[in-house]
Amino acid sequence: MQTRLLLGSRLTPSAIFLRSELQLWIGSRLISQLTAMMTSFQLSKLFLKVVAVLTLAGGLMILFPLTFFWGNYLNAAIILVLMLHFLRVGEYNHLLMEIPFIAMPFVIQYLKHPLTGR
């Protein structure tokens, strides 16, 4: 019954609270695992915060046609910095995993912003 309240279309205040608590727990656990993984790559917490802010800024810039190019450029630059760091640390598996992600901003740039007149 509790699962149905959480997943059903009829949401009670207690179900909303339980859902948000579950998402908060899962999110904090994922963040702690991600932080542990990134610190194993010798990345400081300040660097992680800067990368997070720049990634969010790049994502917001992609939404608007006037800053679409610079948002894609910023995302590609962040990925390139991470790839160079993985190369410096010797994490070649992670370096190779980033190759498709470095190509994505250029493919998106080629396809152009959907709201601009072609």
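The values are calculated or read from the model by the stated rules, or taken from the named source; none is laboratory data. The structure presented is a predicted model; accordingly, all values stated were derived computationally and were not measured. Here the Cβ positions follow ideal geometry from the backbone for every residue, glycine too, while neighbour counts run over all protein chains shown.
Just one residue in the set Leu56, Leu46, Leu60 is at pLDDT below 90 and either at positive phi or assigned to a helix (DSSP H, G or I) (or both); that residue is Leu46. Residues of the stretch 85-102 that are surrounded by 12 or more Cβ atoms within 10 Å (Cβ to Cβ) and either under 15 Å from the mean Cα position of the chain (by Cα) or in a helix (DSSP H, G or I) (or both): His85, Phe86, Leu87, Val89, His94, Leu95, Met97, Glu98, Phe101, Ile102.
Restricting attention to the stretch 48-103, and to residues there that are hydroxyl-bearing (Ser, Thr, Tyr) and free of Cβ contacts under 8 Å to residues at least 24 places away in the same chain, which single residue is farthest from Thr116 (Cα to Cα)? The qualifying residue farthest from Thr116 (Cα to Cα) is Tyr92.
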